[in-house]
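Trainee: Below is a structure I'd like to ask you about.
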Amino acid sequence: MIIGICGKIASGKSEVLKVLAKRGYYCIDADDIVHSLYKKGGVGAKKVSAYFGRKFLNKDGSVNRAKLRDEVFMNDDERKYLENLIHPEVYGEIELLLKRTRKRKIAIEAVYFDVDFLNDFVDELWWVERPREDILKVLVEERGFDSELAEKVIDLIEKPEKVDLVIENDGYTLMMINKKTPDD
């Protein structure tokens with residue numbers, strides 16, 4: 001069984017992934033893959049530099065994620081271009097990890113799954129829901145977003161039409177609704 005865990009930024013997807021890891025799931029975090037792609041010499045760093053310019057690289061050659069974020073998330077065309085550069089690389093890395101593992105219980109965390117990106121890997125799709133004001137607080141106070149960018153980023157991801165499980169995150173507990181607990 002492969003579970004896709006999605007939700008808005010700062011919704012608590014990583015917390016759900018940690019719970020599943022404790023239950024023996026092989027866990028894949030798409031954001032961790034992006035981080036590795038953005039390291040010095042990584043495919044992502046090379047692509048960002050080639051398209052957006054060296055001004056988006058740190059002195060060590062890795063991608064300055066905060067600077068890139070501030071630029072592309074305020075411009076839909078730039079954001080879509082970045083997604084088209086990076087998503088195929090992430091997809092390929094996840095596909096490779098899935099081929100290499102012998103685990104039967106797998107969870108993949110990503111901001112979203114759609115027909116063109118990751119949806120074909122999963123048997124079930126779980127959505128993590130968190131109150132907007134809590135997400136805003138995390139983005140501004142903990143992740144350094146300005147309020148305008150935080151509002152825009154929150155609105156970028158919408159809940160898919162079909163999810164198998166909704167998990168409500170109130171910041172203290174994760175509560176499953178709309179489905180029974182998956183078979184372990």
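Trainee: Would you point out the residue of the range 86-107, among those that are touching a residue at least 40 places away in the same chain (Cβ under 8 Å) and within 15 Å of the chain's Cα centre (by Cα), that is nearest to ASP31 (Cα to Cα)? Spell out how you get there, then give the answer.
Mentor: Going residue by residue through the range 86-107, those that are touching a residue at least 40 places away in the same chain (Cβ under 8 Å) are 86, 89-90, 93-94, 97-98, 101, 103-107.
Retained after the next criterion (residues that are within 15 Å of the chain's Cα centre (by Cα)): 86, 89-90, 93-94, 107.
Values: ILE86: 11, GLU89: 12, VAL90: 9, GLU93: 12, ILE94: 11, ALA107: 13 Å.
That would be VAL90.
Trainee: Being touching a Cys at 6+ places or on another chain (Cβ under 8 Å) and hydrophobic (A, V, I, L, M, F, W, C) is the filter here, so list the residues in the range 1-37 that pass it.
Mentor: LEU17, LEU20, ALA21
Trainee: Name every residue in the range 1-20 that is part of a helix (DSSP H, G or I) and either touching a residue at least 60 places away in the same chain (Cβ under 8 Å) or within 23 Å of LEU82 (Cα to Cα) (or both), in order of residue number. Don't jump to the end; show me each part of the working.
Mentor: Within the range 1-20, the first condition is being part of a helix (DSSP H, G or I), and the residues that meet it are 13-20.
Matches in the range 1-20: LYS13, SER14, GLU15, VAL16, LEU17, VAL19, LEU20.
Trainee: Quick one: which of SER62, SER11, SER49 is closer than 18 Å to ASN169 by Cβ, surrounded by 14 or more Cβ atoms within 10 Å (Cβ to Cβ) and of a type in the set (S, T, N, Q)?
Mentor: Details: SER62 fails: closer than 18 Å to ASN169 by Cβ; SER49 fails: closer than 18 Å to ASN169 by Cβ.
After ruling out the rest, the residue left standing is SER11.
Each row is one residue, and each column tells you yes or no for (1) over 22 Å from ASP146 (Cβ atoms); (2) touching a strand residue (DSSP E or B) at 6+ places or on another chain (Cβ under 9 Å).
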position: GLY44; (1), (2): yes, yes
position: ARG54; (1), (2): yes, no
position: ASN58; (1), (2): no, no
position: ASN64; (1), (2): no, yes
position: GLU93; (1), (2): yes, yes
position: LEU97; (1), (2): yes, yes
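Trainee: Could you check the range 33-45 and list, in sequence order, the residues that are surrounded by 14 or more Cβ atoms within 10 Å (Cβ to Cβ) and of a type in the set (D, E, K, R)?
Mentor: LYS39, the sole residue that qualifies.
Taken together, the values in this text are just the output of simple stated rules run on the coordinates, not laboratory data. Since we're looking at a predicted model, the values are computed, not measured. Cβ: placed from backbone, ideal geometry, glycine included. Neighbour counts: every protein chain shown.
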